[in-house]
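A short reminder: the numbers here are calculations on the coordinates, not readings from a lab. Quick caveat: nothing in here was measured; it's all calculated off a predicted structure. Here the Cβ positions follow ideal geometry from the backbone for every residue, glycine too, while neighbour counts run over all protein chains shown.
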Amino acid sequence: MANPASVAARPVTADELLWMPDDGLRRELVDGEVRVLTPAGHPHGDIAMRIGWRLASHIEMQGLGKAYAAETAFRIASNPDTVLAPDVSFVGLERVQAAKGTEGPFPGAPDLALEVVSPRDSFEDVEDKVSRWLDAGCRMVVVVNPRNRFTWVYRPGSEPVRLTEDDVLDGGDIVPGWKLVLREVFD
């Protein structure tokens, strides 16, 4: 008989993640392992909302696709499944229409994933998430760090770009016409 302590738990699937009880906790799935996310403080939520509101307004007015809030899950890998939920995200219109009628997590990475660093986030965890987003096909990952008021912009095949609160984040070819004055986000 096998020792129960030596038997590895089988990976959790994306479908099983969605059927977990709604107990107020946010969860992500990384390589089949459930990770419970600790609630962020109000400064984190304020910054995410300020950015999300500006992004969503621009996207809607321009008819570019959809902006999503932190509760939106994206299935970025299978067997074992990885399901992540950025603080703010954008998916272009063509991909939104192609996914119409599907249930569960959005299939694939968003075109833009934006993460606001929480006080408990480690540098390694943030870098891992950025790598996972880019490896899954995300075209732009933005990491906002309220502590030092820096914003990092990552794109596949390019060196990351560091912006300060005096700079303007530009949506470029991912979100055409969208510009975000970073000082307005931090003040």
Only Lys, Arg, Asp and Glu count, each charged at its Cβ (+1, +1, -1, -1), so figure out the dipole size of the chain about its Cα centre, rounded to 20 debye. 180 debye
Using alpha-carbon coordinates, inclination of helix 42-62 to the longest axis of the chain, degrees: 70 degrees
Can you put Trp178, Trp53, Trp133 in order of Cβ neighbours within 10 angstrom, beginning with the fewest? Trp53, Trp178, Trp133
If you line up the long axis of helix 123-135 against the longest principal axis of the chain, both from Cα atoms, how many degrees apart are they, to the nearest 10? 90 degrees
If you build a Gaussian network model of the chain, linking Cα atoms that sit under 10 Å apart, which residue out of Arg120, Arg95, Arg155 swings the most? Arg120
Along the stretch 104-120, what does the Karplus equation 6.51 cos²θ - 1.76 cosθ + 1.60 (θ = phi - 60°) give for ³J(HN,Hα), rounded to whole Hz, x for Gly and Pro? x, x, 5, x, x, 7, x, 6, 10, 10, 10, 10, 9, 6, 8, x, 8
Using the Karplus curve 6.51 cos²θ - 1.76 cosθ + 1.60 with θ = phi - 60°, what ³J(HN,Hα) values do you get for each residue of the stretch 141-156, in whole Hz, with x for Gly and Pro? 10, 10, 10, 9, 10, x, 4, 10, 6, 9, 10, 10, 10, 10, 9, x
Output the relative contact order of the stretch 1-145, whole-number percent, from Cα pairs under 8 angstrom with separation of 6+ residues. 20 percent
